[in-house]
Each structure stands twice: as structure tokens, then as C-alpha cells.
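The values are calculated or read from the model by the stated rules, or taken from the named source; none is laboratory data. Only a predicted model underlies this, so the values are computations on that prediction, with no experimental measurement involved. Here the Cβ positions follow ideal geometry from the backbone for every residue, glycine too, while neighbour counts run over all protein chains shown.
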Amino acid sequence: MINELKYGNTRTYIIKGKKGSILVDTDWAGTLQNFFKGIKEMGLRISDIKYLLITHYHPDHMGIAQDLVDLGIELLVIDKQIDYIHFSDEYLFKNKNDNFKPINENLAKIITCKESREILRKVGINGEIIHTPGHSDDSISVVVDKEAVIVGDLYPIQIAVGYDDMVIKSWNKILSYNVNIAYYGHAKEDFIGGIKSLDNTK
Ligand SMILES: [Zn+2]
């Protein structure tokens with residue numbers, strides 16, 4: 001079950017599993033207090049959130065990641081993302097008031113997409129993390145079987161045709177999972193049930 005948790009500019013998501021929740025993305029640095037308010041309104045405590053996953057390491061998706069790790073949430077990093085986790089550090093350090101903390105990779109749990117189904121199952125979620133480059137090379141999406149996908153900043157499906165082939169390829173990978181809803185980092189969700197594939201040649 002996916003719930004939107006918006007406490008700033010970015011749409012972040014909580015996936016509730018039977019044995020714990022996963023948070024997908026954070027907002028900018030400096031939003032920790034708003035995050036606390038947001039989860040409280042959802043009736044969640046920090047200890048209910050087992051894992052944090054970042055769809056890609058742009059500053060508006062990972063600003064408080066290390067703050068949350070310090071509070072006991074485990075950061076899952078896909079092996080394909082490892083070279084990108086400090087991509088936004090320089091930018092986020094510029095605003096001193098935000099108290100940005102860079103990610104300590106030694107505390108992160110690095111996994112492959114292949115291993116992700118097993119990890120998600122541990123918290124009672126049936127799904128998978130897949131590599132969906134196009135917006136950035138480190139972009140991943142989170143599939144919840146028979147339900148939905150969280151795609152981060154992958155270009156929305158209605159405007160994807162016309163972008164480069166990598167975007168189309170990533171969407172076709174997503175569509176092969178037959179989920180009904182696509183959740184975005186900055187746009188309202190789309191119903192994608194029934195769309196079999198995208199064709200970039202038209
Ligand atoms: Zn982005």
C-alpha cells in the first residue's frame with residue numbers, strides 16, 4: 001500500500017508492509033522538522049520505517065537521507081547508484097542553514113536490483129526495485145506487484161514519447177510489470193493500467 005508523504009516540494013512515498021514501511025525519497029536538506037510533522041499526521045513513528053530508498057541522488061530527493069539514517073532508518077543503495085550518492089553534496093552545502101549531512105556510505109546497505117525482491121519481502125512487501133535510467137543514470141523505480149510503481153523523476157508517461165530511447169526503454173520495462181498507477185516525484189500520479197508498451201518510432 002502506497003501513501004504520499006509531502007512535506008515540502010517533493011512528493012515522497014511510504015510503502016506500508018506487514019512488517020515495516022519503506023520510505024521512498026526525501027525532500028531537500030533542512031526539512032527534517034517538516035518530515036516529523038508529516039509522518040505524525042500519517043500515524044507513523046520513525047521506528048515504523050525500516051528502509052529508505054532514493055530514486056536518484058538529486059538534491060530534492062535525498063536532502064535529509066543521512067539525518068534519517070542517524071535516526072535508525074537503513075538506507076538501501078542500489079549498486080548502480082553508488083557512484084552518485086555524493087552528486088548533490090557541493091550544492092547542498094551552500095546553504096549553511098540547512099545543516100546538510102552528506103551520506104556515510106559505510107552505513108548504507110548496498111544491494112543489487114536482483115536482491116531487492118528478497119529485501120522487500122522481509123518487510124512484507126511484494127515488489128522489486130528496477131533500474132530505470134533516463135532522467136539520470138542512477139534512477140531506479142520501485143514496483144509494488146499488482147499495484148503501482150514509484151518512478152521518481154522519470155518523465156511522465158504522457159510526455160515520454162519524444163524523449164530519448166532510454167526513457168522509452170525504462171517505461172517499457174516498467175509496463176512489463178502490469179501495474180496500475182505510476183507515482184512521480186513532482187507530478188500527480190497517472191493511471192497506466194492497460195498500457196502495454198510505448199513506441200518511440202511514431
Ligand atoms: Zn531529479
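Has the stretch 22-45 got any residue that is under 16 Å from Asp70 (Cβ atoms), away from the ligand (no atom under 16 Å from the Cβ) and under 13 Å from the mean Cα position of the chain (by Cα)? Yes: one or more hits.
Identify, please: which residue in the stretch 133-181 is part of a strand (DSSP E or B) and within 16 Å of the ligand (Cβ to nearest atom) and is, among those, modelled with the lowest pLDDT?
Filtering the stretch 133-181 for residues that are part of a strand (DSSP E or B) and within 16 Å of the ligand (Cβ to nearest atom), the one modelled with the lowest pLDDT comes out as Tyr163.
Here are Lys94, Lys114: which of them is within 18 Å of Val151 (Cα to Cα) and away from the ligand (no atom under 16 Å from the Cβ)?
Lys114
Residues in the stretch 182-202 that are outside any strand (DSSP E or B) and either among the polar types (S, T, N, Q) or within 16 Å of the ligand (Cβ to nearest atom) (or both): 6 in all. Here Asn99, Asn95 are screened, and the one residue that is touching a residue at least 40 places away in the same chain (Cβ under 8 Å) and on the phi > 0 side of the Ramachandran plot is Asn99.
Among the criteria (1) surrounded by 14 or more Cβ atoms within 10 Å (Cβ to Cβ); (2) within 18 Å of Val69 (Cβ to Cβ), the one Gly17 does not fulfil is (2). For Phe87, the conditions (1) free of Cβ contacts under 8 Å to residues at least 40 places away in the same chain; (2) within 15 Å of the ligand (Cβ to nearest atom); (3) part of a loop (DSSP other than H, G, I, E, B) all hold with the exception of (1).
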